[in-house]
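The structure appears below as structure tokens.
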Amino acid sequence: MTKGQQKGTLSILIVGIILGIALWGGFNWTLELTNTEQFCISCHEMRDTPYEELQDTIHFTNRTGVRATCPDCHVPREWIHKIVRKIKASNELYHHFIVKDVDTPEKFEAKRLELAQHVWKAMKDTDSRECRNCHDFDSMDFERQESRAADRHEEAIDNNYTCIDCHKGIAHQLPEGYVPETPGEEE
């Protein structure tokens, strides 16, 4: 290999490394940008209904000042699960930009039960993984909980319930036509 070929190969390698770093950094920057509450509520459908409802819950304002944002509940923290969720979210973009089937409050309300059921199923399938980022049975002090809550949490452990089995409607209002499925489920 001549000196010129060595320089060319080294140059291509350096450019490739720099380009790879730039592309990876850009990908991660975009991933994090789309993982913010500001991004989530940039669609009026999210800002005007689910986000407004969230503001009236304990997950938004509480005595400790700990606040859950949209991604805390709807986007996994682990990288591979986060990527899978982002790919699935492309369907939501399709419905937002192309189909426009929830672009008015009336259309949103008409689909609310179906949308909620999709979210509940996803949470059930992952054992309420995002809830468990903040809430964990092993960390709960049942002695300091109200007796009703402590009893329900112990029942949940005994019956292998997951958070969403009993806590539908904890951050957003329950859809019209919703019927509880689990004993003790919030109504």
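No lab work stands behind these numbers, since they all come straight from the coordinates. Given the structure is predicted, the values throughout are model-derived calculations rather than measurements. Backbone-built Cβ (ideal geometry, glycine too); neighbour counts: all protein chains shown.
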Any chance residue 126 is closer than 24 Å to residue 62 by Cα, β-branched (Val, Ile, Thr) and in contact (Cβ under 8 Å) with a residue 12 or more places away in the chain: no
Any hit, the range 4-12, residues being exposed (fewer than 10 other Cβ atoms within 10 Å of the Cβ) and either in contact with a Lys or Arg (Cβ under 7 Å, 6 or more places away or on another chain) or not β-branched (Val, Ile, Thr) (or both): yes
Selected residue (criterion: nearest to residue 180 (Cα to Cα)) from residues of the range 136-154 that are surrounded by 14 or more Cβ atoms within 10 Å (Cβ to Cβ) and not hydrophobic (A, V, I, L, M, F, W, C): 152
Qualifying position, being over 19 Å from residue 130 (Cα atoms) and either within 18 Å of the chain's Cα centre (by Cα) or not in a helix (DSSP H, G or I) (or both), among 109, 114, 32: 114
Unmet criterion (only one of (1) part of a loop (DSSP other than H, G, I, E, B); (2) surrounded by 15 or more Cβ atoms within 10 Å (Cβ to Cβ); (3) of a type in the set (A, V, I, L, M)) for residue 66: (2)
